[in-house]
């Protein structure tokens, strides 16, 4: 009976979550006029910029362009608490990837191969605190002669994310992290950006893809194109019945090859 009660509570949590992540959307085109992905107040610092442009198109006619030392271009709330509206229950997430490119004129004090950072912002229900798990090229073999400026690359589901801050050596896949937090933990936001102190940084990102037990959604940053139907944005990632059958199913890991 207790097991049934716990399962019912978890199913209710997932089923009643108001999601910004479309269910089985495949690809969502994100335009400069979009109100879901955006620069958050106070997150552009020291004359930094983050916006969708046609400077270095990736898939279509645009990508996210980042300049300067501190940017967070995000969907959701990067500073969540227990009352924050979730994007999705954390234990439903199996991966997070994106495409990235370092501009030839990028200058920063860290390394010429300094990459954009991809973050999954989490509410840890067990500890009652917010956390970030972060992808950076420095911890995924992206530094060195194999990384060429003005060239697009792709992260993979096998890549490591670390929990910020100060735990860069404790890298795990997103799928691994997602199963290490207590029931009720959730994803509050996804963000792409650069770190503080990055100087005259210049880079690009596109095709942010969230993988879940119910499918995947790729956010393709474009300067023009069809706007997603309003009904799509309000869809749930999975229904109660689908969650009951798929909550513990994991798809085989896929690998996204370097472009």
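General remarks:
- The packing ranking of peptides 61-68, 34-41, highest mean first, is 61-68, 34-41, where packing means the average number of other beta carbon atoms within 10 angstrom of each residue.
- Residue exposure proxy: 99, 105, ordered by other Cβ atoms within 10 angstrom of their Cβ from fewest to most, comes out as 105, 99.
- Look at 101, 130 and count the other Cβ atoms within 10 Å of each Cβ; fewest to most, that gives 130, 101.
- Going from the residue with the fewest nearby Cβ atoms within 10 Å to the one with the most, 133, 78 rank 78, 133.
Each value in this text was obtained by applying a stated rule to the coordinates, not by laboratory testing. Everything numeric here is computed off the predicted structure, so don't read it as measured data. Positions of Cβ are backbone-derived with ideal geometry, glycine not excepted, and every protein chain shown enters the neighbour counts.
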